[in-house]
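The values are calculated or read from the model by the stated rules, or taken from the named source; none is laboratory data. Owing to the predicted nature of the structure, the values given are computational and were not obtained by experimental measurement. All Cβ positions, glycine included, derive from the backbone under ideal geometry; neighbour counts span all protein chains shown. Ligands, DNA and RNA are stripped out before the accessible areas are found, and what is left, the full protein with its side chains, is counted by its heavy atoms. Shrake-Rupley method; radii C 1.70, N 1.55, O 1.52, S 1.80 Å.
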Amino acid sequence: MKICLVGKYPPIQGGVSARTYSYAHALARKGHQVHVVTNAKEVRPPYRMLMRDEDWARCDADYGEGYVRVHWSEAKKAHWHIPMGDGFVTKLASIGAEVCEEFGIEVVLSLIHI
């Protein structure tokens, strides 16, 4: 199955990020094609983990027929709006829509916990 998973992911610290990572890789090990959409590279300290090269390499993975591919949003200071912040929901939805169209996604999951 082709799955788009939208949510927190390393290098974001915390349980939700760790859980999303675990879910994505568990699904891929079962043969699913998992596309993760996240704004994790935009997160700044103190909410960001230190990532070594080998940690970055583990974000994507191949498991035979299944795999994990991460689609990262980019910070663009020109797009700030009121209230002060980056429109991350719009960015993630846009990237997710592009991923769905390009890869023929069958299921969209979101593990964003508030």
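Which residues, taken from the stretch 5-22, are aromatic (Phe, Trp, Tyr) and open to solvent by 50 Å² or more (accessible area, probe 1.4 Å)?
Filtering the stretch 5-22 for residues aromatic (Phe, Trp, Tyr) gives 9, 21.
The answer is TYR21, and nothing else.
Would you call HIS25 at pLDDT 95 or above, under 14 Å from the mean Cα position of the chain (by Cα), open to solvent by less than 10 Å² (accessible area, probe 1.4 Å) and over 23 Å from SER94 (Cβ atoms)? Steps first, answer last, please.
Working: at pLDDT 95 or above: yes; under 14 Å from the mean Cα position of the chain (by Cα): yes; open to solvent by less than 10 Å² (accessible area, probe 1.4 Å): yes; over 23 Å from SER94 (Cβ atoms): yes.
Yes, satisfied.
Residues are listed down the side, and each one gets a yes or a no for (1) surrounded by fewer than 17 Cβ atoms within 10 Å (Cβ to Cβ); (2) closer than 24 Å to PHE88 by Cα; (3) among the basic types (Lys, Arg):
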position	(1), (2), (3)
LYS30	yes, no, yes
VAL36	no, yes, no
ASN39	no, yes, no
PRO45	yes, yes, no
LEU50	yes, yes, no
ASP53	yes, no, no
ASP62	yes, no, no
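Please verify whether LYS2 is buried (at least 19 other Cβ atoms within 10 Å of the Cβ) and charged (D, E, K, R), treating the condition exactly as stated. No: the conditions fail for LYS2.
Residue pairs whose Cβ atoms lie under 6 Å apart, separated by 6 or more positions or on different chains, with the first residue in the stretch 27-46 and touching a residue at least 12 places away in the same chain (Cβ under 8 Å) and the second open to solvent by 50 Å² or more (accessible area, probe 1.4 Å) and not hydrophobic (A, V, I, L, M, F, W, C), are ALA28/TYR63; ARG29/TYR63; GLY31/GLU65; GLN33/LYS2; HIS35/ARG69.
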